[in-house]
1. Among the strands (runs of 3 or more DSSP E) confined wholly to the stretch 240-333, which include 3 or more residues that are within 16 Å of the ligand (Cβ to nearest atom)?
2. Do the conditions hold for Val201, that is, is it near the ligand (Cβ under 10 Å from one of its atoms), out of contact with any helix residue (DSSP H, G or I) (no Cβ under 8 Å at 6 or more places or on another chain), modelled with pLDDT of 95 or more and hydrophobic (A, V, I, L, M, F, W, C)?
3. Restricting attention to the stretch 110-138, report how many residues are in a strand (DSSP E or B), closer than 16 Å to Asp178 by Cβ, within 16 Å of the ligand (Cβ to nearest atom) and not hydrophobic (A, V, I, L, M, F, W, C).
4. Considering only residues of the stretch 56-78 that are within 12 Å of Ala6 (Cα to Cα) and not small (Gly, Ala, Ser), which is surrounded by the most Cβ atoms within 10 Å (Cβ to Cβ)?
5. Sort out which residues of the stretch 139-168 are of a type outside the set (A, V, I, L, M), near the ligand (Cβ under 10 Å from one of its atoms) and surrounded by fewer than 19 Cβ atoms within 10 Å (Cβ to Cβ), and write them in order of number.
6. Can you tell me which condition Gly100 does not meet? The list is (1) within 30 Å of Pro229 (Cβ to Cβ); (2) assigned to a helix (DSSP H, G or I), and all the others hold.
7. What's the number of the condition Ala172 fails, among (1) away from the ligand (no atom under 15 Å from the Cβ); (2) touching a residue at least 60 places away in the same chain (Cβ under 8 Å); (3) surrounded by fewer than 18 Cβ atoms within 10 Å (Cβ to Cβ)?
8. Given the structure, is Leu22 without any contact (Cβ under 8 Å) to a residue 60 or more places away in the chain, part of a helix (DSSP H, G or I) and surrounded by 14 or more Cβ atoms within 10 Å (Cβ to Cβ)?
Amino acid sequence: MTELVAYCRFQGDAAEALARHLDAKRQHWDAEGFHVCCERSERELCLSLSGAGWRRLALAKARIAGEIRRLPGCATLALTWAGDGDPERLGHVQHWHVTGARLVTPHLRRVTFQVEDAELYAGDLHHIRLLLPQRPGGAFAFPRPCPAGLPVWPEGELMPVLRNYTIRAVRAGSDEVDVDFVLHEPAGPATAWARDCRPGVEIGALGPIGRPVSHAPRRILAGDETALPTILRQIEECPAGERIDAYVELVDDAERQNVTLPQGCRLYWLHRGELVDALRQLGREQNDVTLAYAGTEFSTSRQLSLAFGKDLGLPSTRFRSVAYWRMQGARAA
Ligand SMILES: Cc1cc2nc3c(=O)[nH]c(=O)nc-3n(C[C@H](O)[C@H](O)[C@H](O)COP(=O)(O)OP(=O)(O)OC[C@H]3O[C@@H](n4cnc5c(N)ncnc54)[C@H](O)[C@@H]3O)c2cc1C
């Protein structure tokens, strides 16, 4: 991929401090996949960024602009990138087009998308934030970069609704991904969109976001229908030498999917409300080769945190229990 370069110039007192700060983090930027170069003359600082392709360069512009804006005295510093890159596009937002959709189970619709670069989703980061219309069939606008490279979001009816989802499958060769949408009631904007979507429709996807999948000789995965996409993908992609025990509670048996389990992996289907007790009963035989991850409704996720810590005896560094959704009317902690 072609190396692209963007640059901007600063004058005045902030230039010296800025150059020192950015120089000190040189290795950090290299690890993020772009290079920062500061050239100082008596009167000004020329800052240049280079990265492979417009997407990496756009990410670099936003990253460095955010860093600069957080420095003391630099919050309002004028910053305009010149040089290469696409002035209309943010690096972390892709345009996705629906190519197909089908029911996998009565309450799960799998939507297939043609994406710009599926390779970005092929690693251990499974989650994305979808940009969707506020109402089915409605329009929304994509965020655009300001001259500093930071996102500017549309306002009013054109502001997209943002919802977190999981990439269930990636076919990097054909730039296709699948997302499994739970069709719940009452339907929010994402569910309503997924229920009605047709081939050709465009949405946005921000990311991948969140933390990467953690690996360990033994993993316990737990969740409901919303976490099933990451649980099944982790099982399918489980490396040799690792073992996964997965516990999934479903609203009814019709939501079960056929799964081919790799050697050493186990999957237990449970009924709604049985998950917390099932994990508690595992007891304290877990040890430092065990990692646990859960994705459920908010109040279940709190109970699972307690189960992982107290009942299973796992140290807090070895488990995560994430609220994937929140029952309407559930009270804040
Ligand atoms: C990291 C992460 C990954 C996720 N991956 C997936 C995924 O791959 N597939 C998936 O379907 N969901 C996934 N979710 C959950 C999804 O983001 C939420 O369910 C989201 O609230 C759905 O948005 P909505 O617009 O349909 O409903 P909202 O507008 O958010 O909510 C509308 C109403 O629906 C209720 N509600 C929301 N979700 C559910 C549900 N699952 N069951 C019953 N009632 C519900 C709310 O309480 C509210 O009353 C994920 C969440 C996270 C944090």
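1. Correct list: 243-250, 290-297, 319-325.
2. no
3. Going through the stretch 110-138 one residue at a time, the tally reaches 3.
4. Only one residue tops the list, namely Lys61.
5. Our first condition is that a residue be of a type outside the set (A, V, I, L, M); within the stretch 139-168, this holds for 140, 142-147, 149, 151, 153-157, 160, 163-166, 168.
Those left that are additionally near the ligand (Cβ under 10 Å from one of its atoms): 163-166, 168.
Within the stretch 139-168, Arg163, Asn164 qualify.
6. (2)
7. In the conditions (1) away from the ligand (no atom under 15 Å from the Cβ); (2) touching a residue at least 60 places away in the same chain (Cβ under 8 Å); (3) surrounded by fewer than 18 Cβ atoms within 10 Å (Cβ to Cβ), Ala172 misses (2) alone.
8. yes
The values are calculated or read from the model by the stated rules, or taken from the named source; none is laboratory data. In this text the structure is predicted, and so the values were computed from the model without any measurement. In this analysis, Cβ positions are derived from the backbone assuming ideal geometry, glycine residues included, and neighbour counts consider all displayed protein chains.
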